[in-house]
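Structure first, then comments.
Readers should treat all values here as calculations from the given coordinates under stated rules, not as data from a laboratory. None of these values were measured; they are calculated from a predicted model. Note that we place each Cβ from the backbone using ideal geometry, even for glycine, and neighbour counts take in every protein chain shown.
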Amino acid sequence: RLGVARTAILGRVLNSVGAVVMGLVGGPLALVAAYAFTYSMHGFLGPMHAALLHRVAEARNRATILSMNSMTAFAAFSVAGPVIGVLAERTTTQTAMVTAGALSLLGLLAYLPARRAERPRPRSRPRSDSPTNSSGPSIHTPT
């Protein structure tokens, strides 16, 4: 009902909030609960992300697009991991977790073009002066 892009954005927000909560909670039980939530939201986001990738890929470039997605994620993690580690070392683990969660929220910006593409287009009304009451070929936008 929400659409793939909106669901991906929601998943990114919830995953990021979960990471922030992991940095804010006190005690091991709350941390495990926040981790389980964050991990499940990451799983919730995965299929939506993959669906958006497959939506823009064609047969001739699908492998390239999927590989570029993996390489981009690897590059981001290889830069962010050590930086977050240094932040945790110089401040606290909690500060690093909250920072990582907040920065993760920026990932939703990558879904905004897909969201704009999913917006329903206004339907044209049939013209009353047309003998068939047809406004021409209809455009089907998948949801």
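In table form, for the structure just shown:
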quantity: Separation of the Arg119 and Ala30 label points, Cα + 7 Å toward Cβ, nm; calculated: 4.1 nm
quantity: Extended-chain gain in nm, criterion 0.36 nm per residue less alpha-carbon gap, Leu2 and Ala80; calculated: 25.0 nm
quantity: Those trypsin sites (Lys or Arg not before Pro) in region 1-69 that DSSP places in a loop and that have at most 16 other beta carbons within 10 Å; calculated: Arg1, Arg60
quantity: Diffusion constant of region 16-106 at 37 °C, which comes from Stokes-Einstein with the Kirkwood Cα-pair radius and 0.692 mPa s, µm²/s; calculated: 223 µm²/s
